[in-house]
Every structure is written in C-alpha cells, then in structure tokens.
Amino acid sequence: MGTLKVTTPSDREIVMTRVFDAPRKLVFDAHTKPDLVKRWLLGPPGWSMPVCEIDLRVGGKYRYVWRQDNDGTQMGMGGVYREIVAPEQIVNTEKFDEAWYPGEAVDTLLLVERAGRTTLTQTVLYESRAARDAVLKSGMEKGVAASYDRLAELLASTKR
Amino acid sequence: MHDVHRLDATFAALADPTRRAILARLASGQASVTELAHPFAMSQPAISKHLRVLERAGLVSRGRDAQRRPRRLEPKRLGEATRWLERYRRLWEGNYRRLDALLERLKTKENKWEP
C-alpha cells in the first residue's frame, strides 16, 4: 500500500505518516481492540505479543508485552490514555519497563479519512532530544539490527 | 563515543525547518551566503548562524573560492543520519504491512455483514 515516511520535524519528535486503503473506523479498531492489535504490532520477525490489555477511556491504561519466541526474551511497555476521539485521534503516554530512553513519551495518533482511504500520522514526543536520539539509535542494539547482522554473517559465509 | 556525539549534532541541526531548507537548496548545487539568504527573507547574519550549526554538524562545508566562500552539502554525513531513520522506518514498515493485510481481511468481513 502506501509508503511509510519517517521525519524528525523538531528535536524531540519522530513523526510517521502512512496511507491505508481502508476506512478509518477499521484502522482505529486495529489500534484499540486487543485481538486485532496482537495480529500486527509485533516489531522484528520472530516476536509475538502475548499480552495486550487496553482500557480505552481517558485515564485508562494499556499494557503491551512482546516475546521473542526463540529465546523467550520479553519486552513490556504501557501507559495511560489522555485523549480519545473515536475514530479520529488518540493521545497516550508510553514507557518501557526497561528504560532504554529517559523519561516518558507522548504518542499522538491521528487518522484522516478521504475517499475510503486513511492517512495515519503517528507523532512521538520525547522528553528530551537525548531520548529521541536514543530511540533512533536503538535500531543498532535492538532486535532489528541483530537479525540484519545474522543475515550479513550468513551472506558472508555463503559467499566464500 | 565519537559517533554518538556527532550524530546528536547532526539530528539537532536537522531539527530546524530553515536549516532543512538550506540543505535542500544546497542539494541542487553550492551557493554563497548571499544566495542562500535570498529566498528566506532573513538577514545574512541569521543565515550565517544556521550555517555555522550545519558546519559544526558536518553537514555543510566551505568551497575553495575565497571571494564567494560558497557552501556545499556534505552528503556523507546526511547519509549517516538518514540511515538511523531508515532502520526505524523498516521496523515500522513491517508492522504496517501486517496491518494492511489485516485491514483487507476486516474490509471483506464487514462487507459480508452488510445487507
């Protein structure tokens, strides 16, 4: 479908924009109904999402836990809903169990529908520039890079 | 860690819209401070200040011509910064591709229930 655009419009933000070929009601459901969230919000290959709890009301909490199925490594995060305008906007806080960036971040999900298609804009506002940059650099330390490293090793060994 | 500090400077430099516009202008060829100041309705000292930030971040360098002192883009450093963004993008692109597939399934399900 659409291409994902990632930008850093200010020194504390990361913004992602992408178009989905579906009405926004469905995109909203896919972000707020646990049995749907679990089917796509998984991160790098090999991870599943055994825990997804959502109390969708202002002041309500959500809790996500991912698990790497190979070695059992778990990663959890959660936060509180600050604003809910269904099916248009959600503002919530996010904090990882193992703090790999300082402080708490605030996520804003905005869904705009036009002719049956939905433009998603996800903004993550970090407490500091250092926190934002830590997230951008994390690709290296976290799972993504690990699998690319394995791939690189594999390619290097088969070349010979 | 040298790399990390350098990257901090690069992202900080990229976080300003005027500086991004200057980089976009330099992507189409080198330019003097006067030429750069022109489209921005900004004083030359203000542009020079932005250029100093970009130079410190290694994103812009000065050309040889002593009179014009043209500034030019250093694409290598810009490439380092965009590679970080690219990693983040790839992770989310995977998620959103799965979401595409899920939405397709939800759409057909919904249509079936319609009278």
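The values are calculated or read from the model by the stated rules, or taken from the named source; none is laboratory data. Worth saying up front: this structure is predicted, and the values here are computed from it rather than measured. Here Cβ is always computed from backbone atoms with ideal geometry, including for glycine, and neighbour counts include all displayed protein chains.
A few notes on this one:
- The single condition among (1) touching a residue at least 12 places away in the same chain (Cβ under 8 Å); (2) touching a Lys or Arg at 6+ places or on another chain (Cβ under 7 Å) that A:Tyr62 does not satisfy is (2).
- Residue match in the range B:55-76 (condition: closer than 30 Å to A:Arg24 by Cβ and in contact with a helix residue (DSSP H, G or I) (Cβ under 7 Å, 6 or more places away or on another chain)): no
- Taken over the range A:34-50, the residue count meeting the criterion of being within 18 Å of A:Tyr81 (Cα to Cα) and over 15 Å from the mean Cα position of the chain (by Cα) is 0.
- Out of A:Val27, A:Val6, A:Val15, sole residue that is under 15 Å from the mean Cα position of the chain (by Cα), without any contact (Cβ under 8 Å) to a residue 60 or more places away in the chain and within 30 Å of B:Arg83 (Cα to Cα): A:Val6
- Breaking point among (1) modelled with pLDDT under 90; (2) within 14 Å of chain B (Cβ to nearest Cβ); (3) within 21 Å of B:Arg97 (Cα to Cα), for A:Asp69: (2)
- Hits in the range A:104-116 - residues which are surrounded by fewer than 18 Cβ atoms within 10 Å (Cβ to Cβ), touching a strand residue (DSSP E or B) at 6+ places or on another chain (Cβ under 6 Å) and over 21 Å from A:Gly78 (Cβ atoms): A:Leu110, A:Val112
- Among residues of the range A:16-51, those that are within 28 Å of A:Gly116 (Cα to Cα) and part of a strand (DSSP E or B), counted: 5
- Listed conditions (1) β-branched (Val, Ile, Thr); (2) within 11 Å of chain A (Cβ to nearest Cβ); (3) surrounded by fewer than 16 Cβ atoms within 10 Å (Cβ to Cβ) are all met by B:Thr34, apart from (2).
- Picking from residues in the range A:21-69 that are of a type in the set (Asp, Glu) and surrounded by fewer than 16 Cβ atoms within 10 Å (Cβ to Cβ), the one that is nearest to B:Thr108 (Cα to Cα) is A:Asp21.
One line per residue, one yes/no per condition, for (1) without any contact (Cβ under 8 Å) to a residue 40 or more places away in the chain; (2) of a type outside the set (D, E, K, R); (3) loosely packed, with under 14 Cβ neighbours inside 10 Å; (4) assigned to a strand (DSSP E or B):
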{"residue": "B:Phe11", "(1), (2), (3), (4)": "no, yes, no, no"}
{"residue": "B:Met42", "(1), (2), (3), (4)": "yes, yes, no, no"}
{"residue": "B:Gln67", "(1), (2), (3), (4)": "yes, yes, yes, no"}
{"residue": "B:Glu93", "(1), (2), (3), (4)": "yes, no, no, no"}
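- Exactly one residue out of A:Glu98, A:Glu88, A:Glu153, A:Glu127 is within 24 Å of A:Thr17 (Cβ to Cβ), surrounded by fewer than 16 Cβ atoms within 10 Å (Cβ to Cβ) and modelled with pLDDT under 95, and it is A:Glu127.
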